[in-house]
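What follows is a short report on a single structure.
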Amino acid sequence: MNDAELEKLKQQLLDLRLELQTLEDASKENSKPVSLDQTAVGRLSRMDAMQSQQMALETARRREQKLFKITAALRRIEFDEYGYCLGCDEEIDIRRLFVDPTHSRCVKCADK
C-alpha cells in the first residue's frame with residue numbers, strides 16, 4: 001500500500017468516525033426511558049415505544065462497536081501496523097480495506 005492509499009483510508013476512517021459521533025448525538029433522545037403511564041397511552045403504543053427504545057439501544061451498541069474498530073484502525077496506522085492481518089500478519093488486500101477500512105483480518109483469517 002502506498003502513502004496516497006494509506007492517507008485516503010485514514011481520511012475515510014476519520015470521516016466515518018465523525019459521522020457516527022454525529023449520529024450518536026442525534027439519537028440520544030430515542031434511548032431515554034419509556035414512560036409507562038397506562039392512563040395516557042394504550043398497551044400497544046407502550047409496546048411500540050419499548051420496542052423503539054430497544055432498537056435505538058441496539059443501534060447505539062453497534063455504533064459503539066464500529067467506533068472501537070475505527071479507533072483501533074487509526075491506532076494501527078499510527079504504529080505503522082495498518083493493512084496487515086492480525087491473524088497471519090500477511091498484507092490485507094487493499095480492495096478489502098477500501099470496502100471497510102476497519103478490517104483487521106485478511107479474507108482467509110476472517111473465514112476461520
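Please treat every number below as a calculation from the coordinates, not as lab data. Just so we're clear, the structure is a prediction, and the values are computed from it rather than from any experiment. Glycine gets a Cβ as well: all are built from the backbone with ideal geometry, and neighbour counts include every protein chain shown.
Odds and ends about this structure:
- Computed helical MRE - 222 nm, the chain, DSSP H runs ≥ 4 contributing -39500 (n - 2.57), nearest 500: -22000 deg cm²/dmol
- Sequence-distant residues sharing a close amide H with TYR84 (under 5 Å, placed H): ILE92
- Net charge over other residues, Cβ less than 9 angstrom from the Cβ of VAL107 (K, R count +1; D, E count -1): +1
- Each Lys or Arg adds one and each Asp or Glu takes one away; over the other residues whose Cβ falls under 11 Å from the Cβ of LYS66, this sums to +1.
- Using alpha-carbon coordinates, inclination of helix 43-78 to the longest axis of the chain, degrees: 20
- Cα-based Rg and Dmax for the chain, where Dmax is the largest Cα-Cα distance (Å): 19.5, 64
- Comparing ALA60, ALA73, ALA26 in a Gaussian network model of the chain, where Cα atoms under 10 Å apart are tied by springs, the biggest mean-square fluctuation is seen for ALA26.
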